[in-house]
Each structure stands twice: as C-alpha cells, then as structure tokens.
Amino acid sequence: MTHVNSSQPAMQNQRRSPLYRRHTELKAEFESLGDASLVSRYGELAAEIESAAQLGLADLSALPRIGFKGAGAPQWAISQGIKLPESPNHSVVQDDGALVGKLSHQELLILSDLAGSSALVNSLEPVQIESLKQSEPAAQTYHLPRAHSHSCLAVTGTAAAEMFSKVCGVDLRSHKFAQGQIAQTSLAKINAVIVRHDLAETPCFYVLSDISTVEFLWDCLLDAMQEYAGVPVGVAALRSLAARG
Amino acid sequence: MKLLTCPLNGPRNISEFTYGGEYHPMPDPNKTDPRQWAEHVFFHDNEAGIVTEWWCHSASSFWFLAERNTITDQVIRTFEASELFNQRVDFAAESGDNS
Amino acid sequence: MKNRLPAPYGQLIDREQQIDFSFEKKSYSGFAGDSIASALAANDQWLLSRSFKYHRPRGALTMAGQDANTLVQLPSNPNALADRETISQDLAVMAQNYSGSLNHDRGALLGLFSRFLPVGFYYKAFFKPRGIWEKWAPLIRKKAGLGVIDQQLEPEYYDKQYKFYDVVVVGAGPTGMQAALTAAVDGCEVLLVDENPSLGGSLNYARFDAEGTVASETKERLIATIKANKNISCMTNSLVNGWFGDNWLPIISGKRLYKVRAKQTILCTGALEQQAVFHNNDLPGVMMSSAAQRLMHLYAVRPGKASVIVTGNNDGYANALDLMDAGVEVKAIVDLRDQPPETSLTKAAKLRGIQIKLGYAVYAAKKKGNHLSAVEIRKISAHGLCEHQYQTIACDLLCMAIGYTPTYQLACQAGGQLSYDDQSSMFTLKNLPDGLQVAGSVNSYWELSNCLEEGARAARAATHALGFTQGDAEQPIPRENQSPNHSWPIFSHPKGKEFVDFDEDLTIADIINATSDGYEHIQLVKRYSTCGMGPSQGRHSALAAARLVAAATNRTVAETGVTTARPPFAPEHLGHSAGRSFYPARRSNMHYRHLEAGAEMLQAGAWYRPAFYGRSEERDQCINNEVNNVRNNVGLVDVSTLGGLEVRGPDAGEFLNRIYTFGFVKQPLGKARYALLTNEAGVVIDDGVACRFAEDHYYVTATTGGVDRVYQSMLKWNAQWRLDVDIANVTSAYCGVNIAGPKARQVLSKVCDAIDLSNEAFPYMAVRQAEVAGIQARLIRVGFVGELGYEVHVPQQYGEALWDALMAAGKEDNIQPFGIEAQRVLRLEKGHIIIGQDTDAMSNPTEVQMGWAVSRNKPFFVGGRTISELENKTINRSLVGFVVHDPKAPIPKESHLVLDGQQMSGRVTSCNYSPTLGKAIGLAYVEPSKAAPGSQISIKSTAGVLVSAEVVALPFYDPQAARQEL
C-alpha cells in the first residue's frame, strides 16, 4: 500500500472502478492502491471533512474486500484468528481495523480498513479456490470475489439515515440500527448490503451492491442527497473523521 | 404494503421477497404413475385456509417457508427450510452409469 | 373585502400580507392564508363553478375540501379545490364547467331538459347500437367539462420518502391530539398528521358551549403540551390518502409522498357534516353549518347577512350563536325535531330571542340571480312529508346541521365494517384489524369530554400492544344517548331538484328510479346512477342514498349498507405516484468503450448492451460488416452480461446432474459441457456451459435474463436436497468478452503466452485459467458464433483493461467490435437457439431438437420424469430452420405466422438476412409433417405478403463444425 498522491488519470491502472470517469469529471485527486486508484479528495480537504460530517458519498470500491461462504466457513475463519459476530447481520471490528460481518450463519463478509492496509484482508485476498479446496480446516469453505462482484460506497454524516429513508425501506436511524448492524435489503430497487460502521462520532454506512449497478446507485444517492447538501467526498476526509475519536 | 418476517433478516416489506409457490412434497419421480406426476407438476391445491409457501428474501437469496391463511392473508409463522428438510435427499439409480 | 370580520376571527389569515389574484379574469385581493374560496367569499363572490351535468351554479359547501362544488382551474392544475388551495400573488383562477360565462352559462339550459337525461342515461343511451358511444363521447366530455390539462407543463420534481413510527395518529382534532399526547410515553415515537393547515380540528371553528370559550381553551392547552413533547412529530397540510396492509400509510405532503410504516395506527378522522335534501339545496348560499363556522373562524369571512339554520341537533344552535356573535342576522332556527332535549345551547339561543321553529323543515330554497334569496319552510306532517301551508323567509345564508357520517374511509380500507343503527341513527365501525384503533367522532362520540377520553383510551390500547405500558385491557367508553344525526332530513318536492349527489347532479327521483329499474343493491345503484362516483366519492351522498334505497326496497339502512371505500381517499397528482421512481441500469465495465466506438446501445432487462457499432441509418450495413469481420477475420463482443454461477463442493457434479439435463459427474477436468435447463414440466428454461475447473468446482454460465431465476431455483432445490455443495452467483464479479474469428488465436496469443493455445493443447470446448494481458482470466473455447473463439472472463474491474489489451493486440489483424445484433445473426447461421426467443413456455427439448442434450442414464433430474413422459407422445410441432430463396421477398420477422392453407400451423421465432449465405434464414415452429428438410412452408410476412420458404437442415453454416474447431 502506498500513499503516493497522484493526479494521473485512474485509467492508467489495470483495475478501474466503474465510477472513475465520474471522479475524473469531478477533478478528483487519486491515490494508488495496488493496481487500482482510490479518490483521495475532490477539493479542499477541510471543507470536504465538514461535508462528510454532514452528508458525504465516497467510492471505496478500490479497497480490498472478500467473502467466504459454506458450512465450514465460520469454523475456518475462527481458525484463522478472525473474530466473528454472534449472530447474522452483525459485524465486528478486528484488531487490524478490518470489519468482519456475518450475512448468514454460513456467509462472511470482510472489509478492509480505510487505509487498505488490513493485514487480514490482504493475507486473504490472494487466497484462491485451490488453497481452500477440501483441505482441513477449510472444508466446506468457499471464497467469494466480493471486491469484484460488489462495489463499495460509503455514506457518511449526520444526515445519512434521513437521506437513506428516501431510497430504502429499512429504518437506519441511529437508535434503530446500531453500530455494526447489517441490513441486506433493497436500495433504490437494487439489492444491497448496508453496514453501519461509524467514523468515530460520525455516522457512516458502507453500501455494497452489485458492481454493474454502481453508476445507477451513485446517481440515485447524489440525487437523494441534494436536499441535505450532500456531496461526493474522498477517502482522506473519511480518514480524518475516523481519527477524530 | 404487507410485512413478512424473514427468519434471517427480520420483518421487511413484502416487496423484498419473491414468492416460490406452495410447498408440495415431490412424489418419487421413478415410481409415481403418470397421472399423479402430472397432478404434482401442473395442479395446485389452492386451498382456502392455512397453506405452507416458499418465500425467498431477494437481497440475501434466503429461502424459507411461511404458513399463511389464504382467507385472511395473515402470515401465521415463518421458519427456516431446515425445519422440514433436515437430511440429504438421494434418488435411487434405476439403471445407468452416472455419466 | 366587504365580508371580512375583525380579528380575532381568521386564525389562518395574515392581515399584514395582502395578496392579489384573479378569478375569471377579474382582480381580487385576499390575505395570505386565504383559500381561493374564502378570499372570493370575502369579496362577496360566492359562485365558484358549475355542476357537472346540468351546469347549475355552485358555491362553497363544506369549506373543508370535501366536495366537488369548488373545483376550479389553475394554470398548471385542473380540478383544484378552491376551499383548500391557498391564494398566491397573481394566481389566475378560472371556474370550470360552463359555456359562455360563469354567471350566464348557456349549458345551464341543460337543466331544463333534465328529464331527457334520466338516471342511467349513459348506460341506456349508449349501450346500443354498438359504437354509438364513440360518436357521443367527445360532445359529452366537452359538455361535462372538468379541468384542462396544460400539456406544455414542465414536470416538477416529486419524490418519496419512508418514515417509521410506533404510533401514527390520523387527524389532529381534540381526539387525535389527546391520543398523540397519551401515546407519547417514554420512547414511543408518535406522528400526528392532519390534512388541514393547523392542529386543532373542530376546536378551530366549532362551538361546544354557550359561552364559546371551551374550544379555544382546550386547543391552546393541547397544542402547547404537544409542542413541548419531543416524542411527537406533527405533519399538517398532509393527507393520509389510504390504508394498506400492516399499517402502511401513504401520506401526501407538498410534492412528496411519504410511505409511513406505523406499528399502531389510531384513526381520529372525525366526521363529515351532511346536507339536508330538499328542493334547490345546491344553491350558493346553502352550506354546511360547519362551513359557515369555518368561514368565520378560520378566514374571518362573514358567511351571509341574514341566515336561517336547518338543524336536527345541538350544533345548529351553536352555529346560530356563532352567527349572531359575528353580526349575522339569524332569522330562524328550523328544527326538524318536535321536542329537542333542552341543553345550555338551546337555552342560550332562546335567551337571545332567536325564532325557533320546532318540527319544521326547509322544504325549498329560492334564488335570485345565482344565489339563495329565501327559504320556504313547512311543518313536518309525517316521515319525509310536509303540510301544504308554507312560510317564506328571506335570507342569503342557509346553514345545514342535520348530522354527520364518520370519516370511515381509512377504517373501511383496513377491513372495518361500517354499521348503522336505524333506531339511534348511530354508526359503528367493527372488525378492525390488530394495530388499528378508531376514536372520537369517527367512532360516534360527540361530546368533547368523551372525545378526549376516547383519544386517551385508544392511545393506551396502542401503547399496551407495543409494550410501552402495561395494564388491563381498555374498556370502551359508554355510548352517548343523543345522536346528532337526524333520521330523515330528506324532503321530496314535486319539481325535484332535491340533490342527493352534487357531483353528479343526482336527485331523489334518480336514486328511486335506479331501484325501480331493478338495481336494488347499493353497489348496483352506484354503478347505474353514478351516485358516489364523482370527485367527492360519496362523502355527502352515501348516507342519503342508502336511506333512500333502504326505504324504496323496504330494508333498513344497516341492511342496505354503503359502497366499498377504496384508496385513495382524495384525488392525488400523478406526480406523487410517478415521482422519483427507480429503474436500475446495469453496465459492463467496458460500457464506455462501446460508446467511444460509436455503439448504439439497447437495454436488455436492466443491462445496457451494444446493439451494433455505427450510425443508426446504416444499421443493416454495420451489422453485415460486423458479421463478415467475424467470419473472415476476428471480432470482439462484450459478454459480461452472461450469467455466471460457481458450483463448488463434493456434490457439485451430482447437483448439476440433478439440475441440468446432461450428465456432469464424469465431465473431464478442463472441459466445458453444454448445459440445458428444464423445469419440472419439462420446459426448456435456460442454457449455458458448465466448465469444470476442479473435481469439486464448476463454473456454469447462464443466460443474461435467466441467471437470477436460475440461481434462486438452484438454492431452492438444494434447500430440499441438502447436498454438500455451495452455489454462488458471480455474474457481476466477472467481465467477459468473446474473441471470435479465424484470427482469434493469433490475436489472443499476443497477450496470453502463459498457456499453449494450439488446437491440440486447448481444443474446442476446453477451459483454462491463465493470465491474459496480465489479468487472471478464465478462458473457455466456445463456438456460439460458429468460428474459432475464446470467451475470456476476468474480474469485473479489469474489464476495460482487457478490452483495451485485446483491441490493441488485434489492431494489425483489423479486429472490430461486434454487437449483439451481429451475434444474433452469427448464431442463427450456426443454428443455435436463444432461450426465450426461440423457445416459449411450452417448449420441450424434443420440439427444439435438443434431445441430444438430455441424458437418459441419470436416476433423476428436474425435468426428467416429464420429458420421458413427453417422449412417449407424438410431438405437435418442431423448431426447424428455413431459407427464403426469393431475394425480393420481404424478410419475415419474429412471430410471423406459418400458414397451412388458411390455417395457422406455426410461427417464426428468429429471422435475419444472412450476409454469409446471401439470403434470409430463420427458425420457425412448424407441424411435424413439415419438419423434414426440403419441405415447403408458407409464411405470412409484413403487410400480409405470403413468403415461400424451404425447410433445411441445421446449421445453415459450416455443418461439419470445422470452423469452430480450427
């Protein structure tokens, strides 16, 4: 992981978020992360932090994430030193900052920290099907390519839950949807996994949805956010908010 | 809009679910006579009363069963499929080589 | 504004802000907060519109937006309610439904001919001869009028939002306010919603005591406590427009539709005052007593100079006191009752010296110009009948206070049953679902103290149910002795015009005649007479109509019942339903490369796909070029939309064996097999290829439109079988291309040197995993388009990089992208079917010549039993290939009929001009006797031209399959 700020077009990397053209149009400043690019910021950082605290939308699709599924997956994860939430639709923060959620009794979702430096996710990322195959303790454990099947957006800020109520039928207000809770639901008529993972005191929701729909979702969310002065924000603002705690 | 309680995800708007038809045990396909097989495939009981139905929560692709009163449209309970299906189903090989 | 009353009258208006507007192109002034109707009334303009059928003059009736008398035309909004719509600076308001001028409507002559417009007129007159309605409709529609839509209107931004509450209280009158307060115990989130601009309901305008102080005191106390309670949210100017399952409430507020989920709903919707039915009861100047009170208290408008009140309850007396206080002369209270019980209100009225006529009725109203000028009163001699002597009282205002119907619509939408006690004239609502309470006057409680207690009772029932409070089940409050509803405020007149339904201009005789014509059921009366079908949906006609039908058919009102109440409660703008709808779009990672290459995109399901590359007007040429380039050179097509399923685990092969028709257990590693999916009825529903990467790992493709369904059905089957297998839908995780054409290998080899691409090492229907352009990829040698070809699947975010790498690698060989139109032609030349296009809901494998893809050696697969039954029967159609030899013949299209003489014997499923063969080719269902190659078929093509075609063996192109196995 390198934090080389670069304004070079994201397309020089092999791996490209479907949203990179939108980011480029917004004059985003990118940072490289492996062979992908992450939007660091769109404008002046201090203002962007304040925007993110009110209502921000960030594209974190370039950050690592991975999934495991199967009857043996929870057992296998524990053998790898992963802390699991007790019940499905909840998540737990790991020591290295990664977030591990249970989508069902047999399905795990692992998200990297905001730096993309989570040792756990990075150690799992190259794990291919072969290495899990049959071998104890990985029997009945199957890898899911979440980094590619799903885009990852983050909606941040105090107005986030209110904004979500324009596109989502699940009550995401703080007192009804606790830190770490997960909702698998319909967002603007597409299926999504919503994870509440606050940035210190700032409410934050990760939104994972089918990557082919992410441009549609991005536009829908920005439209719904307008009313609350919500804007796209880069990962730098999110990191600052997370560090405020 | 009705609510339906998914055993995995809790109560949700029914628009989040896909209906999977009435639960209907399959007769042994290799032994049943043609008429009974045709009834299984093409006819539904469509009972007025409490029926068991398949429902799938679309966002999580989670299949479960619901007992619903078709007269009042009240859902009496929902439960995981493992409650009805708790062991592996196998089909006896009539002949052949499992190609 | 000659009719304005001084402050403190006029709670809703701001006298500091004058607003100028126009009505019928004449200028008027009002105050901010005025409704159109109140501002006009303040200027002594009472006539607002003309009625629907007879063009009778109409004015304010309820002042509450509950009647159709006040429908006016606004520039961008037809049929606006003048008593609900507020005025704004320079607003141009026009009346509706008149020809000539509002004051002198030529159409009013229709009233003279009303005997030629009998009940059931539309039904009778235009039923026969057939087609006559089409001739009359334009004329009648023009005459019937209603508003005009501005077709140049720029659509405004409407949207939707979800809300979640523990308790929603509908109606913020005294009952609703008390209910909200009682419900707002610790932690219980309450929404109090009202369609009016302020909280308070009847406390804003009604009088509950002789002194006239109780209402405002109660209101101020309740509002202050509500405002101080953080658990209560209030929405005013917000209409709960329906009740749907599990307390799902659509609330319209401004340009937003709120979809509110309540755990408990309390309906405190109040009651709607009803009109008395007598001759000319529809004249401007005749209004509900509550309308007069609303005019005075809400808008500071004096409703008239000299008034008469016809009543059957206390409220008429209260109104008389209000009118006197406001300086309106009260000429008489005409009480339908012989001996009304004495109350503080009746005493006060007597004390003030008001003339009270007991046992009298208003028998007729008289007009001068377009307004009430006098009423004729008569002593009631018997039920609905009067003596001959009469007395005329000059007045310009008649207030009607003869009773109410509960605002039962939402409760009935929830399954509640409205019943009516003919003795006590009381309504009750029964059979309400769990989680729904009714309280207050909708529940037939009228005393203010009872209403407050009712609100508290309902709220406690709700909080008990939610677990916020504990306690015994709430006991109902004892019923009141006196109903405000008079049992028969209906007086027929020899000259008719006693209106039961103002919207549709229906009189007593119309309702009686409907029953005489044989329509005795209240639902049939409604449909035959149109009673209750107008904009106010029977709010003021349902009870009177039920009473008349009951009397005419010798039943009780309870037996007659009322018609079904369905959502919406009030008309809503289309924008509220249409606003901010979501139409998900899916894009491949290569989407913008297609656009840059000039692709014309089409949407297949949610997916955007390139149809062809080039200008629309050169479509055919573009497609032909793309086809030729694949046949002769090399082409690249985006197949990212193709479904992808990972099937993994020890039972993966067994699972596929059960799902698909072929055998997969013995499929060699590194090989792909065609996979045909049938349902239990043996119908072909999807296809793809199953690639075996490991003993326990198959990667199965599915059709773009079918994969979600296939995935769900796989999960459902394995929820029952419980095989040791995992199924994952990875459709979006992979982007893919098919690089196809004789030069495909040489292009691919430039970016893929990790594996041997030679035909020997990587033969047809083999699969490999290798890096392509540095990207980890899955390669499948397929032959869908009938040439040497490789599908290359890479993780989604590498799609664009892969596309770029292959386009660059193929530059020297003139690689060209091709779209799905060219792909369709190519596969058709190869005789490959597309599921869903060449198959339908009845197609079994034998019919579509796919018997070869069905294994007979398996103990079970989903469609197996049915297919084996079908194979014992003769098929009645076959899917065959055909060629049109005549180059001048029009090319048949999909769904054109195959004819046998005059008989339809089949249909075309695919047909295109084949640039490779130089003629039109296609697939069609034909009767089995025509299925043999060489048979001649006849196709009814465009414009009915019969086209001859010859059945040929499939495929059309490269029958030895030499090309794809290069």
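One table, with the values for the structure above:
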item: Subset tally (residues that are in contact (Cβ under 8 Å) with a residue 12 or more places away in the chain, surrounded by fewer than 24 Cβ atoms within 10 Å (Cβ to Cβ) and away from chain A (no Cβ under 14 Å)) for the range C:153-180; result: 3
item: Some residue of the range A:74-91 being open to solvent by 10 Å² or more (accessible area, probe 1.4 Å), within 14 Å of chain C (Cβ to nearest Cβ) and within 15 Å of the chain's Cα centre (by Cα); result: no
item: Any hit, the range C:502-514, residues being open to solvent by 10 Å² or more (accessible area, probe 1.4 Å), outside any loop (DSSP other than H, G, I, E, B), among the charged types (D, E, K, R) and in contact (Cβ under 8 Å) with a residue 60 or more places away in the chain; result: yes
item: Of the criteria (1) modelled with pLDDT of 95 or more; (2) away from chain A (no Cβ under 12 Å); (3) open to solvent by 10 Å² or more (accessible area, probe 1.4 Å), which one C:Val737 fails; result: (3)
item: Residue check for A:Leu241: within 14 Å of chain C (Cβ to nearest Cβ) and open to solvent by less than 30 Å² (accessible area, probe 1.4 Å); result: no
item: Total residues in the range C:847-879, condition assigned to a loop (DSSP other than H, G, I, E, B), buried (at least 18 other Cβ atoms within 10 Å of the Cβ) and more than 10 Å from every other protein chain (Cβ to nearest Cβ); result: 5
item: Considering residues of the range C:783-806 that are away from chain A (no Cβ under 14 Å) and open to solvent by 10 Å² or more (accessible area, probe 1.4 Å) only, the residue farthest from C:Ser732 (Cα to Cα); result: C:Phe784
item: Which numbered condition C:Gly881 misses (of (1) small (Gly, Ala, Ser); (2) modelled with pLDDT of 95 or more; (3) under 30 Å from B:Met26 (Cβ atoms)); result: (3)
item: Total residues in the range C:260-309, condition farther than 30 Å from A:Glu162 by Cβ and assigned to a strand (DSSP E or B); result: 13
item: Options C:Ala611, C:Ala597: the member that is under 25 Å from C:Glu800 (Cα atoms), more than 14 Å from every other protein chain (Cβ to nearest Cβ) and surrounded by fewer than 19 Cβ atoms within 10 Å (Cβ to Cβ); result: C:Ala597
item: Sole exception among (1) in contact with a Phe, Trp or Tyr (Cβ under 9 Å, 6 or more places away or on another chain); (2) surrounded by fewer than 20 Cβ atoms within 10 Å (Cβ to Cβ) for C:Thr346, by number; result: (2)
item: Residue satisfying condition, being open to solvent by less than 10 Å² (accessible area, probe 1.4 Å) and touching a strand residue (DSSP E or B) at 6+ places or on another chain (Cβ under 7 Å), within set C:Asn319, C:Asn280; result: C:Asn319
item: 1 or more residues among the aromatic types (Phe, Trp, Tyr) and in contact (Cβ under 8 Å) with a residue 40 or more places away in the chain: qualifying strands (runs of 3 or more DSSP E) within the range C:358-397; result: C:360-368
item: Answer residue from the range A:92-115, given it is of a type in the set (Gly, Ala, Ser) and crowded, with 22+ Cβ neighbours inside 10 Å and is nearest to the other protein chains (Cβ to nearest Cβ) among those; result: A:Gly101
item: Matching residues, the range A:151-186, being surrounded by 19 or more Cβ atoms within 10 Å (Cβ to Cβ) and assigned to a loop (DSSP other than H, G, I, E, B); result: A:Gly157, A:Ala159, A:Ser165, A:Lys166, A:Val167, A:Gly169, A:Val170, A:Leu172, A:Phe177
item: Some residue of the range C:161-176 being at pLDDT below 95 and either more than 30 Å from C:Thr507 (Cβ to Cβ) or in contact with a Lys or Arg (Cβ under 7 Å, 6 or more places away or on another chain) (or both); result: no
item: Meets criteria (over 30 Å from C:Lys305 (Cα atoms), in a strand (DSSP E or B) and within 43 Å of the chain's Cα centre (by Cα)) for C:Leu418; result: yes
item: Options C:Leu203, C:Leu191: the member that is of a type outside the set (Phe, Trp, Tyr), under 26 Å from C:His573 (Cβ atoms) and modelled with pLDDT of 95 or more; result: C:Leu191
item: Some residue of the range C:182-200 being closer than 25 Å to C:Asp322 by Cα, of a type in the set (Ser, Thr, Tyr) and crowded, with 23+ Cβ neighbours inside 10 Å; result: no
item: Failed item, numbered, when B:Ala48 is tested on (1) open to solvent by less than 40 Å² (accessible area, probe 1.4 Å); (2) free of Cβ contacts under 8 Å to residues at least 24 places away in the same chain; (3) more than 7 Å from every other protein chain (Cβ to nearest Cβ); result: (1)
item: Whichever residue in the range B:7-34 is within 30 Å of C:Asn241 (Cα to Cα) and more than 9 Å from every other protein chain (Cβ to nearest Cβ) and, among such residues, is nearest to the chain's Cα centre (by Cα); result: B:Tyr19
item: Pairs where the first residue, in the range A:204-227, is more than 9 Å from chain C (Cβ to nearest Cβ) and the second is among the basic types (Lys, Arg) and part of a strand (DSSP E or B), C-beta under 7 Å, 6+ apart; result: A:Phe205/A:Arg196
item: Single residue of the range C:666-677 satisfying the filter (in contact with an Asp or Glu (Cβ under 9 Å, 6 or more places away or on another chain) and over 11 Å from C:Tyr698 (Cβ atoms)) that is nearest to the other protein chains (Cβ to nearest Cβ); result: C:Lys666
item: Elements of type strands (runs of 3 or more DSSP E) contained in the range C:622-712, each with 2 or more residues being open to solvent by 20 Å² or more (accessible area, probe 1.4 Å); result: C:672-678, C:684-694
item: Single residue of the range A:187-199 satisfying the filter (in a loop (DSSP other than H, G, I, E, B) and more than 14 Å from every other protein chain (Cβ to nearest Cβ)) that is surrounded by the fewest Cβ atoms within 10 Å (Cβ to Cβ); result: A:Asp198
item: Residue satisfying condition, being within 12 Å of chain C (Cβ to nearest Cβ) and either closer than 17 Å to C:Met714 by Cα or open to solvent by 60 Å² or more (accessible area, probe 1.4 Å) (or both), within set B:Val41, B:Val75, B:Val89; result: B:Val89
item: Meets criteria (modelled with pLDDT of 95 or more, open to solvent by 10 Å² or more (accessible area, probe 1.4 Å) and either within 14 Å of chain C (Cβ to nearest Cβ) or more than 30 Å from C:Arg648 (Cα to Cα) (or both)) for A:Arg41; result: yes
item: Single residue of the range C:570-586 satisfying the filter (open to solvent by 40 Å² or more (accessible area, probe 1.4 Å) and within 13 Å of chain A (Cβ to nearest Cβ)) that is nearest to the chain's Cα centre (by Cα); result: C:Ser581
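The values are calculated or read from the model by the stated rules, or taken from the named source; none is laboratory data. Note that this is a predicted model, so its numbers are computed, not measured. We place every Cβ from the backbone using ideal geometry, glycine too, and count neighbours over all the protein chains shown. Just so you know, the surface numbers come from the protein's heavy atoms only, side chains and all, with ligands and any DNA or RNA stripped out. Shrake-Rupley method; radii C 1.70, N 1.55, O 1.52, S 1.80 Å.
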